[in-house]
Every structure is written in structure tokens, then in C-alpha cells.
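First up is the structure itself, then whatever we jot down about it.
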Amino acid sequence: MINTQPLPVDIHVVYACDRGYLQYLAVSIKSLIDAFETGIHRNTHCLNVHVVIVGFADDDRALLKRIARSETAQVKLALIDYELTNRYPDALYPHIELVTLKYRFPELLNNIDRVIWIDADTVVLSDITDLWDCDLDGHWIGTTNCVLTDASLKIYQITSRGFFWSAENTINAGVMVLDLMQMRTLNVQRVLEAWTYKFRKVLSLPEQEAIAFNYPVRKILDHKWNWRGALRESEPYWAAGSAQERKDYSAIRPAIVHLQADFRPHNMIINTEFFSLWHRIHQALDLPSTQPRPVPFMVFVYLMACGRNVSLRKARWLFVMAIVNFPLAVWCLLPYGRYRRDPEKFNFPGISDHQMTTAEAITERRTPCAEKGFVNLASKRRV
């Protein structure tokens, strides 16, 4: 009997990280698969997850394989071993070879023509299929801007080494769509590697700076695919040209939440629904417990300013930020005492009370856990 069922459409998602980011990677992959399983394309598409791994043990591999199992959707996992070779000696950024592995995807994934790159420090809330289907309009890459409007450039360029003539030239590389076929044709790997090597001693964000200055015109993706507003401390907030711009960014309904910079659920106690969601997935996967700590005072001042949607004068170092915002720092002394007494329940204005309907919906899904049972993340009840 002839099988008339159409072949599933392959979606290719790629991660790359070392063992230090294993727990973030595990949570991100689990959220990616959960969102795919609840989407309308789970029966017509196959989710292929490729992970370029550095220094992973056998137990780490087994964990990822367990996470990638799905009973309701077609999911495949491919682990690609990579050994760092010190390609950029004397570089300013210590992890430069790891973050620039993106350049080598056309070579590492030589039988694939298109991928979605996702940073490990993310939580996926929506089916990735819509992003996969996006038209790159002839470009080899699709990215989100680092800032929203040209009005943000004046402040943003205070803390960046480069200067941009348009917000569309700025980039955050946390989520990207890459046309590997075009990358091969245009020799993108050679261009980016040569430029990165030349400027390796001054690059603080190597792959982002290399892409931004060598390929300033790119396909611009909707900010919902790389939303960095969990704590209101990212560039769309501190570099915003107006309070309305910050409000507009907060109003975006995220499809992927990017927990960037130094403020992450693994290491800091901050009462926000996005951090809580990360921890619920983390616990359901039975991963080793984390030991987050209360935020330092200067970080607290920064978060209070971000949450209150005030115009915060950003500086390269937090202690400088606290000095130039001295009145706010004095006002924060008493609230910081309350935070230190019970950090898990302290409500940061505009952060702890963020309305996150998409994430609330995702926690209702059943997540595979130990003993092949299930945990309902909303109720913490084994079913």
C-alpha cells in the first residue's frame, strides 16, 4: 500500500554552548519543544534541534536526549562535538571562539541550508514555525535591532564603540534566522572570521560587532522573537528616546524571552514571572538546584529605575550609574532593606507585576519529569 501522507517540513534550530550553560540550554530546549508540541504545526513539521557542544560529559548528553523526547510531535536531536582551538589569541572577550561559532554553521551543518539560531539563555513561549517561515527578502540573515528607533542612538552610542546611522544597523544576536546557502555563496564565514581576528583585541561583543559593521543591512525581525524586557534593563529601555518607547517595548507579547546580561534566574533573586517560569521548567526537569543570591545595592537601584520607567542615565559601570543617579540611590535605601529581608517576595515596580499571558499559558502544559510521570507546572501537582 502506497503511503500518501506528505513528508513533514523540516525546521532546523541550532544552539552552541559549553558545559557552563548546560542548565540554561536544557530549559531553553524544553521550552522550545513544549511550544512546538502545543502549536498547530506539530503534525506537519519536524523540529530538528542541533546543538554544538563544547566539553559536555556523557551525563550531559543523556540529559539533552531525555529532554528531546516527544510523544506528541516529531522532534530530532543532533549533538555536534566541537573542540576549541584558540582561533583568536589575545582576544579581549574570553569566550570569543564560542560565540563566533555561528560563522562556521555553513561548514558544521553542511547538509542544511537554513537555520534558526537561539541563545541558550532564552525561554521559548510560542511555536517557532512562524519564524521559520519568515521571508528574509534576499538577505542571508534576519535579526532584531538592539534598539527600537533612531532616537535611541544618541544614548546607545555612549556605551558602544561603534556609531550607527540607523537603529536598523544595530543588532542583538540572541535569535537569528540564517540562510546557510547564501552564507556559503557570499563567503560570509571568511569575511567575519578575518574581521574578527583583525579586531579581536578590542571587541567586547565579537559576533554582534562583526555582523553589524560588515553587514549593516539585514532582514529585521519582529522584536517578539527576541524580547529582552524581562527586567526592563536592556538597551530598548536605558537607550530609549522617550518614555513612550519604553512602554511600547513592554507591551510586546513575547514569543521568545531572552534573559541577557548579568541578571539571570540562575544567579539572582528577582521576583518576576519570567524568572519564575524559568525555575518551574528547571525544577520539572529535575536539574541540580541553583543558588541565586540577592542583587547588590547598585543593581537594585538600577532595576528600580528601570521598572519605574524613568529616564535612567546609563553608564559603563554600575557604581558610576549610582553616583550620577544619586537622589534615586538615596531613595532606594529603605526599599533595599525590605528586599534583603525577603527578596523572593519583593515587588519591583513594573517588573514583578508584568502581565505575561503567554507565559502563564505555557505553565499549564504538562512537562515530562522524573519517573516518567508528569508535573503540572501551574499547580506543582504530579498527575
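Just so you know, all these numbers are worked out from the coordinates, no wet-lab data involved. Here the structure is a predicted model, which is why all the values come from computation and not from measurement. Note that each Cβ is placed from the backbone with ideal geometry, even for glycine, and that neighbours are counted across all protein chains shown.
Over 30 Å apart at the Cα level, from the set 154/247; 30/219; 219/345, are 219/345.
Are there trypsin sites (Lys or Arg not before Pro) in the stretch 63-160 that DSSP puts in a loop and that have at most 12 other Cβ atoms within 10 Å, and which ones?
The qualifying sites are 69.
Modelled spin labels at residue 287 and residue 333, positioned 7 Å past Cα toward Cβ, are 3.9 nm from each other. Each of 45, 95 has some number of other Cβ atoms within 10 Å of its Cβ, and from fewest to most they run 95, 45.
Could you calculate the contour length gain from residue 243 to residue 95, that is, 0.36 nm times the residue separation minus the distance between their Cα atoms, to one decimal place in nm?
Numbers: separation 148, 0.36 × 148 = 53.28 nm, distance 3.49 nm.
In short, 49.8 nm is gained.
Each of 119, 150 was scored by other Cβ atoms within 10 Å of its Cβ. Listed from fewest to most, they are 150, 119. Is the C-alpha gyration tensor of the stretch 201-248 telling us rounded, prolate or oblate? Criteria: a/c under 1.5 is rounded; beyond that, a/b larger than b/c is prolate, otherwise oblate. Here the stretch 201-248 falls in the prolate category. If R0 equals 30 Å, the separation of the Cβ atoms of residue 111 and residue 261 corresponds to a calculated FRET efficiency of about 0.30. Label-to-label distance for residue 137 and residue 10 is 2.9 nm, based on points extended 7 Å past Cα in the beta-carbon direction. Approximating the spin labels as points 7 Å out from Cα along Cα→Cβ, the residue 166-to-residue 74 distance works out to 3.9 nm. For the pair the stretch 79-103 and the stretch 212-244, the centres of their Cα atoms are 25 angstrom apart.
May I ask for the distance between the Cα centers of the stretch 2-51 and the stretch 58-72, given as a whole number of Å? Spelled out, the Cα-based centre of one part sits 12 Å from the other.
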